[in-house]
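Would you mind keeping the following structure in view while I ask a few things?
What follows is calculated from the coordinates using simple rules that are stated; it is not laboratory data. Just so it is clear, the model here is predicted, and its values are computed rather than measured. When we count neighbours, we look across all protein chains shown, and the Cβ atoms used for this are built from the backbone with ideal geometry, even at glycine.
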Amino acid sequence: MKHINVALFVVHKGCPHTCSFCNQRSITGFQRELTPGDVRAAAETALASLDGETAAGGEIAFFGGSFTMIERGYMISLLEAAYPYVKEGLFKGIRISTRPDGIDEGICSLLKEYGVTAIELGAQSLDNRVLALNERGHTAEQVEDACRMIASYGFETGLQMMTGLYGSRDEDSVETAEKIIALRPATVRIYPTVVLKGTKLFELMQSGEYEPAGIDETVSLCAKLIPMFENAGIKVIRVGLHSGGRVDGEAAGGAYHPALRELCEGRIYLDAALRELSGLPGGRYTLEVGKGHRSKMTGQKKINLITLRDKGYICEVAENEGIEKYEVRVRY
Ligand code: SF4
């Protein structure tokens, strides 16, 4: 059995307004309205690539926009196209993403009927001041209520948070992460803010009222957030916007990097190594990390080893099966 996901984008459909950072068309690079035929074609293409195996571990996912707020008949037509693949056991379920204010009892029952198994909410922040400044049009309490309702219907919950929004400091993001952990979602996506042309954030940046966080600050912050979630048993399924679409041409500021997660994980290892080396005299050391984590300890273009060398530690990296993810042991 292979694990294969089908990701479909419902572009800027159903949104009651436009959030300060949003330019969905740039994010997806897909301008045409998704049709039920597109859903079937994508599922068939995925299945054909499996050479007769099933994708029973995978999902058909509707991202972008606010799925539960699109015109009801259109929403059902998309679900009707996807559901037969789940009923036949070819995919394990359907994942949708929506806004917290797009969740109520009626919609949960309907989604259940059509084989939806996981709901992701764009929470972005759990700070009402930050939500209002970024014109989200919902409150932190609505996120919490929606999470409780989603769980009560037995859906898997996913939460999406952003860092570096207008008016948001690092400590606000850490506090949002703590509140998200208390809500016990199964998955989290972290989207550091990327300022896209044509958005309110772009105007604020141009007028000098908003200075977006760059890559380095963002990497430092996410290197704290990722372990917070993982240590709480919450899977971090994405860090940073997907590259492609038209984001490359429309990103005007903020933290856009095609390998952002890799940079963050490298920083987690660097921070761990510095903690272990602190107090030790300069010299030659071996840094032991878990199996498969050597490149993260080394960092992109060996940046971690270079940083350590500049501090007087000449290090080489070795793997050791008995070592946990993000753990570093130091040997002379
Ligand atoms: S709710 Fe989502 S899709 Fe709608 S405007 Fe805001 S960020 Fe964009």
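Rounding to the nearest 10 and keeping the result within 0 to 90°, find how far the Cα-based axis of helix 140-152 lies from the longest principal axis of the chain.
70
Taking every pair of distinct Cα atoms and averaging 1/r, then inverting, what Kirkwood hydrodynamic radius in Å comes out for the stretch 266-332? It would help to have the intermediate numbers written out before the result.
Numbers: mean 1/r = 0.0876 Å⁻¹.
When all Cα pairs of the stretch 266-332 are included, the Kirkwood radius is 11.4 Å.
Helix 72-87 versus the longest principal axis of the chain: what angle, 0 to 90°, nearest 10, using Cα atoms?
For 72-87 against the chain, the angle is about 70 degrees.
Quick query: amide H of residue 290 versus all other amide H atoms, modeled in the peptide plane; which residues come in under 5 Å with a sequence gap of 5 or more or a different chain?
It is 320, 326, 327, by chain and number.
Taking the beta-carbon count within 10 Å as an exposure proxy, list 193, 307 from fewest neighbours to most. Please list the in-between numbers first.
Values: 193 25, 307 16.
Going from sparsest to densest Cβ surroundings: 307, 193.
Now, a different point. Please state the charge dipole magnitude for the stretch 6-258, taken about the Cα centre, from unit charges on C-beta atoms (+1 on K and R, -1 on D and E), reported in debye and rounded to the nearest 20.
Numbers: 23 positive and 33 negative charges, 66 e Å.
Value, rounded to 20: 320 debye.
In whole angstrom, note down how far apart the Cα centers of the stretch 190-265 and the stretch 128-177 are.
The stretch 190-265 and the stretch 128-177 have Cα centres spaced 16 Å from each other.
Past the 25 angstrom mark, what percentage of all C-alpha to C-alpha distances in the stretch 28-178 do you count? Mind dumping the intermediate values first?
Details: 4094 of 11325 pairs.
Within the stretch 28-178, distances greater than 25 Å cover 36 percent of Cα pairs.
What number in nm² do you get for the chain if you take the convex hull of its Cα atoms and divide its surface by four?
Numbers: hull surface 73.4 nm².
About 18.3 nm², averaged over all directions.
Please provide three numbers in whole Å: the alpha-carbon extents of the stretch 105-219 along the principal axes, with the largest listed first.
Taking max minus min along each principal axis of the Cα atoms, the stretch 105-219 gives 48, 27, 22 Å.
Counting only Cα, what are the radius of gyration and maximum Cα-Cα distance Dmax of the stretch 222-327, in Å?
For the stretch 222-327, the Cα-based Rg and Dmax read 15.6, 49 Å.
Take the alpha-carbon positions of the stretch 165-251, form their convex hull, and give its projected area averaged over all directions (one quarter of the hull surface) in nm². Numbers along the way, then the final one.
Details: hull surface 24.6 nm².
Value for the stretch 165-251: 6.2 nm².
Find, among the GluC sites (Glu not before Pro) in the stretch 247-332, those assigned to loop by DSSP (not H, G, I, E, B) with at most 10 other beta-carbon atoms within 10 angstrom. Display every interim value, and only then the final one.
Values: sites: 250, 262, 265, 276, 288, 316, 319, 321, 324, 327; in loops: 321, 324, 327.
Of the GluC sites (Glu not before Pro), the ones in loops of the stretch 247-332 whose Cβ has at most 10 other Cβ atoms within 10 Å are 321, 324.
Taking the Cα of residue 215, stepping 7 Å toward and past its beta carbon, and measuring to each backbone N in the stretch 243-267: which are under 17 Å?
243-244, 247-267
I would also like to ask the following. Along the charge dipole of the chain, Cβ charges K/R +1 and D/E -1, which of 128, 69, 180 sits furthest on the positive end?
180
Run the lone-cysteine check on the chain: no other Cys C-beta under 4.7 Å from the residue's C-beta.
For the chain, the answer is 15, 108, 147, 315, because their Cβ atoms have no other cysteine Cβ under 4.7 Å.
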